[in-house]
Amino acid sequence: MTTADTTPPLRIGLLGTGPWARITQAPALAAHPGVELSGVWGRRTEAAETLAAAHGTRAYTGEEGIDALLEASDAVAFALPPDVQAPLAVRAAEAGRHLLMDKPVATTVAGARAVVEAAEKSGVASVVFCTLRFAPETAAWIAEQAAVEGWFTARAQWLGSLYAAGSTSEYADSPWRREKGGLWDVGPHALSVLIPVLGDVEHLTAAGGPAGTTHLILRHTSGASSTVTLGLGAPPGAAGVEIEFRGERGTASIPGWDGAETAFRGAVDALAEAVRTGVPHACDARFGLHLTELLAAAETQARA
């Protein structure tokens with residue numbers, strides 16, 4: 001005879017109603033067996049009501065709606081531009097709510113640091129959704145490579161065609177992506193794979209390339225080096241994701257993964273585990289701050 005699990009669901013409110021919320025976060029939260037989607041907040045009333053109705057929950061809008069959603073939730077997930085996300089994450093942490101943030105946490109070091117300070121002062125758990133750290137296939141592969149010694153170098157290339165002629169992606173309408181480019185949008189993904197395998201970045205060189213592309217050369221604490229190419233304006237035929245490590249035992253290339261929704265469910269699981277145990281996840285707000293520090297340094301160099 002087994003005892004039924006009486007653990008109450010984690011009540012998670014969703015802040016944001018854009019494509020990322022609609023396509024990935026809301027469906028993942030609504031379908032998660034350990035979660036109650038406690039509401040959806042949006043700046044546009046109609047969008048919030050439409051998304052909430054699609055998933056059987058309540059819509060919130062306006063400043064008072066943020067406070068009401070926080071009151072109804074144990075944690076909040078963010079599907080907002082990074083520099084809108086950061087101050088709202090501070091507000092949520094100060095209210096004692098756990099944080100499931102998107103990458104980057106912020107596009108300024110000060111903004112990301114404020115989130116860390118608020119989370120640590122309140123003692124809330126936090127997870128930053130770097131997709132490859134939570135997709136089952138790639139998370140297992142990263143852990144496997146981190147256990148291998150003797151890596152010599154690595155190469156990461158993440159090129160999208162968001163801004164190529166003929167693109168119909170909804171994400172191309174995102175003002176912050178257009179302003180900050182692939183460095184800030186997909187750079188966190190690449191760094192979140194390289195750092196746990198090769199060690200922290202102790203030296204960074206950055207340079208700009210065509211159509212907003214950014215090239216990085218990194219030296220890691222393990223002694224290995226890596227190169228990174230990031231962009232959102234590549235021609236469709238040049239777009240794609242490749243990450244490989246080369247070392248004493250040969251070459252290891254990252255496998256494919258089963259979409260962002262599955263990965264986001266993994267991030268929800270990670271947040272729930274951090275809430276339950278009190279043990280910070282490796283991809284927490286402090287790791288998000290460190291990514292922001294690296295990206296800000298790279299942006300300064302590339303512009304120079």
Output the residue which, of all residues in the range 229-270 that are over 18 Å from the mean Cα position of the chain (by Cα) and hydroxyl-bearing (Ser, Thr, Tyr), is least open to solvent (accessible area, probe 1.4 Å).
Thr229
Of the listed residues (Thr153, Thr108), the one being over 28 Å from Gly240 (Cβ atoms), open to solvent by 20 Å² or more (accessible area, probe 1.4 Å) and of a type in the set (Ser, Thr, Tyr) is Thr108
In contact with a Lys or Arg (Cβ under 6 Å, 6 or more places away or on another chain) and polar (S, T, N, Q): is that true of Thr108 in this structure?
no
With the condition kept exactly as written, say whether any residue in the range 206-215 is under 21 Å from the mean Cα position of the chain (by Cα) and without any contact (Cβ under 8 Å) to a residue 12 or more places away in the chain.
no
If you go through the range 61-81 one residue at a time, do you hit one that is more than 19 Å from Ala260 (Cα to Cα), out of contact with any Gly (no Cβ under 9 Å at 6 or more places or on another chain) and among the small types (Gly, Ala, Ser)?
yes
Name the one entry in Arg113, Arg44, Arg58 that is of a type in the set (Lys, Arg), within 18 Å of the chain's Cα centre (by Cα) and open to solvent by 20 Å² or more (accessible area, probe 1.4 Å).
Arg113
Is it true that some residue in the range 162-173 is at pLDDT below 95 and either touching a strand residue (DSSP E or B) at 6+ places or on another chain (Cβ under 7 Å) or surrounded by 21 or more Cβ atoms within 10 Å (Cβ to Cβ) (or both)?
yes
Would you confirm whether or not the range 178-188 contains a residue that is in contact with a helix residue (DSSP H, G or I) (Cβ under 6 Å, 6 or more places away or on another chain), open to solvent by 20 Å² or more (accessible area, probe 1.4 Å) and of a type outside the set (Asp, Glu)?
no
Can you report the number of residues in the range 61-82 which are over 13 Å from Leu289 (Cα atoms) and within 17 Å of the chain's Cα centre (by Cα)?
7
Does at least one position in the range 134-149 carry a residue that is touching a residue at least 24 places away in the same chain (Cβ under 8 Å) and within 17 Å of Ala77 (Cα to Cα)?
yes
Options Ala224, Ala211: the member that is open to solvent by less than 50 Å² (accessible area, probe 1.4 Å), aliphatic (A, V, I, L, M) and either at pLDDT 95 or above or touching a strand residue (DSSP E or B) at 6+ places or on another chain (Cβ under 8 Å) (or both)
Ala224
Output the helices (runs of 4 or more DSSP H) that fall wholly within the range 1-84 and possess 2 or more residues being touching a residue at least 60 places away in the same chain (Cβ under 8 Å), or say none.
26-31
Can you tell me which residues in the range 274-286 are open to solvent by less than 30 Å² (accessible area, probe 1.4 Å) and not in a loop (DSSP other than H, G, I, E, B)?
Ala274, Ala285
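The values are calculated or read from the model by the stated rules, or taken from the named source; none is laboratory data. A quick note: this is a predicted structure, and the numbers were derived from the prediction, not measured. Neighbour counts are summed over all protein chains in view; Cβ atoms, including those assigned to glycine, are modelled from backbone coordinates with ideal geometry. For the accessible areas, the whole protein counts, side chains as well, though only heavy atoms, and no ligand, DNA or RNA atoms are used. Shrake-Rupley method; radii C 1.70, N 1.55, O 1.52, S 1.80 Å.
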